[in-house]
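The values are calculated or read from the model by the stated rules, or taken from the named source; none is laboratory data. Model, not experiment: these values are computed from the prediction. A quick note on method: Cβ atoms are made from the backbone with ideal geometry, for glycine too, and the neighbour counts reach across all protein chains shown.
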Amino acid sequence: MTKTIAIVVLLALAGVLVLAALRPDTFRVQRAITIKAPAEKIFPLINDLRRFNTWNPYEKKDPNLQGRYSGAVSGKGAVYSFDGNRNVGQGSVEITDSFAPRRVAMLLHMIRPVEARNDIEFTLEPQGDATQVTWAMQGKVPYVAKIIHVFVSMDRMIGRDFEDGLASLKAEAEK
C-alpha cells in the first residue's frame, strides 16, 4: 500500500514537471479600456509616476508601502522604488521610453518575492471623442515559475489588477 502511494505521488510529481517544461518561456498579460477623454489628458496620468500612483492598484494593496521617487520628474528616466508587504513585494519601475501622447514603456524590476524583470507598455489610441488605453506586461518565465504557472494563472491574477487599475484610471481621467 505504501509503495503504491509513493508511486502515485512520484507519477503526479513527474506529470507536473513535464507540464511545466511544456509551458511557454515568456508570458504576456494585456487588458484594455475605453476612456471618454482625449489621449492628451490621459497621458500625464501614466507618464508621471506620482500621478500614476494615484490610480495604480498595487499602491492600494499595502497601506504601509514605502516608496521613493528618483530620476526625472516624468517621462524617460523617472523611477519609483517600492518596498511593501507580500501583496506588493519590493522592486522598482522605471520609464524607459515616452512618446506623448501615444505610448509609455516601463521596466519593472522585482526583487521580492521573486527576482524578475518585465517590460510594461501603455498604449493610447484615439477613437473619436474617446481613447482606448491598453496596459500590457511581458517577460521571461524561468522553469521554477513555470511550475507555479501550472497551478496559478498569471493572466487571471495580474489581469484582475490591470482591470482594477484601468477602471481607476478611467474614473480619474473622466473627472
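Points to keep in mind about this one:
- The requirement of being more than 30 Å from Gln127 (Cβ to Cβ), touching a helix residue (DSSP H, G or I) at 6+ places or on another chain (Cβ under 7 Å) and surrounded by 15 or more Cβ atoms within 10 Å (Cβ to Cβ) is not satisfied by Leu19.
- Failed item in (1) part of a loop (DSSP other than H, G, I, E, B); (2) farther than 17 Å from Glu121 by Cβ; (3) at pLDDT 95 or above, with Arg86 passing the rest: (3)
- Scanning segment 112-122 turns up at least one residue that is in contact (Cβ under 8 Å) with a residue 60 or more places away in the chain and closer than 17 Å to Phe43 by Cβ.
- Boolean, Val79 is within 21 Å of Met110 (Cβ to Cβ), in a loop (DSSP other than H, G, I, E, B), among the hydrophobic types (A, V, I, L, M, F, W, C) and out of contact with any His (no Cβ under 6 Å at 6 or more places or on another chain): no
- In summary, Ile148 fulfils each of the numbered conditions (1) modelled with pLDDT of 95 or more; (2) part of a helix (DSSP H, G or I) with the single exception of condition (1).
- Consider segment 76-111 and keep the residues that are more than 18 Å from the chain's Cα centre (by Cα), surrounded by fewer than 18 Cβ atoms within 10 Å (Cβ to Cβ) and in contact (Cβ under 8 Å) with a residue 24 or more places away in the chain. The one that is farthest from Ala145 (Cα to Cα) is Ala100.
- Annotation note: Cβ proximity below 6 Å between a residue of segment 146-175 that is within 16 Å of Lys61 (Cα to Cα) and a residue that is part of a helix (DSSP H, G or I) and of a type outside the set (Ser, Thr, Tyr) (sequence gap 6+ or interchain) occurs for Asp161/Pro57; Asp164/Pro57; Gly165/Pro57.
- Qualifying residue in segment 19-36 (condition: under 26 Å from Ile95 (Cβ atoms), in a loop (DSSP other than H, G, I, E, B) and over 19 Å from the mean Cα position of the chain (by Cα)): yes
- Selection from segment 89-104 of residues that are touching a helix residue (DSSP H, G or I) at 6+ places or on another chain (Cβ under 8 Å), part of a strand (DSSP E or B) and either more than 22 Å from Asp161 (Cα to Cα) or among the aromatic types (Phe, Trp, Tyr) (or both): Ser98
- Residues of segment 45-61 that are at pLDDT 95 or above, in a helix (DSSP H, G or I) and farther than 14 Å from Leu166 by Cα: Asn47, Leu49, Arg50.
- Looking at Ala14, Ala39, Ala72, just one residue is small (Gly, Ala, Ser), farther than 16 Å from Asp164 by Cβ and in contact with a Leu (Cβ under 6 Å, 6 or more places away or on another chain), and that residue is Ala39.
- Only listed residue being crowded, with 18+ Cβ neighbours inside 10 Å and of a type in the set (A, V, I, L, M, F, W, C), chosen from Leu49, Leu13: Leu49
Results for (1) assigned to a helix (DSSP H, G or I); (2) aromatic (Phe, Trp, Tyr), shown as yes or no for each residue.
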position: Met106; (1), (2): no, no
position: Val114; (1), (2): no, no
position: Trp135; (1), (2): no, yes
position: Val144; (1), (2): yes, no
position: Asp155; (1), (2): yes, no
position: Leu169; (1), (2): yes, no
